[in-house]
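Structure, as structure tokens:
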Amino acid sequence: MADQPDLQYATSQTREGSTVVDLREYKRAKDPLPVTFHRRELDAILRVYGRMVGEGEWRDYAIDHMKEKAVFSVFKRSGEMPLFRIEKNPKLAAKQGAYSVINTDGRTLKRGHELPQVLKVFDKALKLID
């Protein structure tokens, strides 16, 4: 067992000599953590979700954390396509705004820099037409 290398660190050769590299830091830099919703963002989204559940419009939700964006999807029935997706994409923060609401067709209903402003799209009576 004494012969086995420490799997937490690796040595790389450079012209100047050897360099010790922490593999956790290397992996974190190479494979960044997924984008997530912060607590205040989830509070705002769940407040709207609770209101819409109370009105009988929504019944289920799903949260996806991916490398490039976080998505909160809402459903009328869990086996269907989401009625709306609330997305957070930090790469768009400086341009169009990190937050957006997208409907079933893939059309962006509202986009902006502040989540509460974007969520105001649900203050209007949005109904899915079958």
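Apart from one condition, residue 35 fits all of (1) open to solvent by 40 Å² or more (accessible area, probe 1.4 Å); (2) under 12 Å from the mean Cα position of the chain (by Cα); the exception is (1).
Screening residue 62 against (1) surrounded by 13 or more Cβ atoms within 10 Å (Cβ to Cβ); (2) modelled with pLDDT of 90 or more; (3) touching a strand residue (DSSP E or B) at 6+ places or on another chain (Cβ under 7 Å) leaves a single unmet condition, (1).
The set of residues in region 90-107 being surrounded by fewer than 19 Cβ atoms within 10 Å (Cβ to Cβ) and not aliphatic (A, V, I, L, M) consists of 90, 91, 95, 96, 97, 103, 104, 105, 106, 107.
The values are calculated or read from the model by the stated rules, or taken from the named source; none is laboratory data. Keep in mind the model is a prediction, meaning the values are calculated, not measured. For neighbour counting, all protein chains shown are included, and Cβ atoms are generated from backbone atoms with ideal geometry for every residue, glycine included. For the accessible areas, the whole protein counts, side chains as well, though only heavy atoms, and no ligand, DNA or RNA atoms are used. Shrake-Rupley method; radii C 1.70, N 1.55, O 1.52, S 1.80 Å.
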